[in-house]
Amino acid sequence: MLLIPCPWCGPRDEAEFHYGGQAHVPYPEAPASLTDEEWARYLFFRDNPRGPFAERWSHAAGCRRWFNAVRDTSTNEILTVYRVGEERPETVEARSVALQPRPAIPARPAFEDEVVQADTGVRGQSPQRGSGA
């Protein structure tokens with residue numbers, strides 16, 4: 001679970017909070033003049049970046065206040081929190097983690113009479129035991 005730092009109450013368990021969507025989405029100045037498509041875009045279309053993302057959260061089981069958090073969507077790390085109405089603080093971009101290729105997962109586990117050669121990932125017969133070679 002996430003440990004989310006409420007600006008008023010301090011760090012609390014994720015279960016105490018409700019997610020409120022993307023932060024800093026301006027309300028249309030004249031909503032009555034919007035077409036259905038424009039209104040739908042305002043209501044439903046949001047950014048979905050990989051990396052730091054400003055979100056709204058409510059501390060529902062605590063002080064019941066809304067606040068903003070910048071969370072790295074690739075690592076789930078909360079980078080900073082700030083109160084509603086405050087400007088988004090300059091945050092250090094999320095730590096860049098070099099994406100390393102994962103080792104190949106065999107289609108099935110190796111049996112006792114097979115070994116997986118670590119350097120190539122190729123299955124082969126296990127060496128004969130007690131062959132005296």
Could you order the peptides 27-35, 58-66 from most to least packed, using the average number of other C-beta atoms within 10 Å per residue? 58-66, 27-35
For the ALA15, ARG83 Cβ pair and Förster radius 30 Å, calculated FRET efficiency rounded to 0.05 is 0.85
Less than 14 Å Cβ to Cβ from PRO28, Lys/Arg counted +1 and Asp/Glu -1: what total charge do the surrounding residues give? -3
Taking 7 Å along the Cα-to-C-beta vector as the label spot, tell me the ARG46-ALA30 distance in nanometres, rounded to one decimal. 2.9 nm
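Working with all protein chains in place, sort ASP36, ASP13, ASP72 by solvent-accessible area computed with a 1.4 Å probe, largest first.
Details: ASP36 135, ASP13 65, ASP72 5 Å².
Heavy-atom accessible area, descending, gives ASP36, ASP13, ASP72.
The values are calculated or read from the model by the stated rules, or taken from the named source; none is laboratory data. What you are looking at is a predicted structure, and each value in this text was computed from that prediction instead of being measured. Neighbour counts are summed over all protein chains in view; Cβ atoms, including those assigned to glycine, are modelled from backbone coordinates with ideal geometry. For the accessible areas, the whole protein counts, side chains as well, though only heavy atoms, and no ligand, DNA or RNA atoms are used. Shrake-Rupley method; radii C 1.70, N 1.55, O 1.52, S 1.80 Å.
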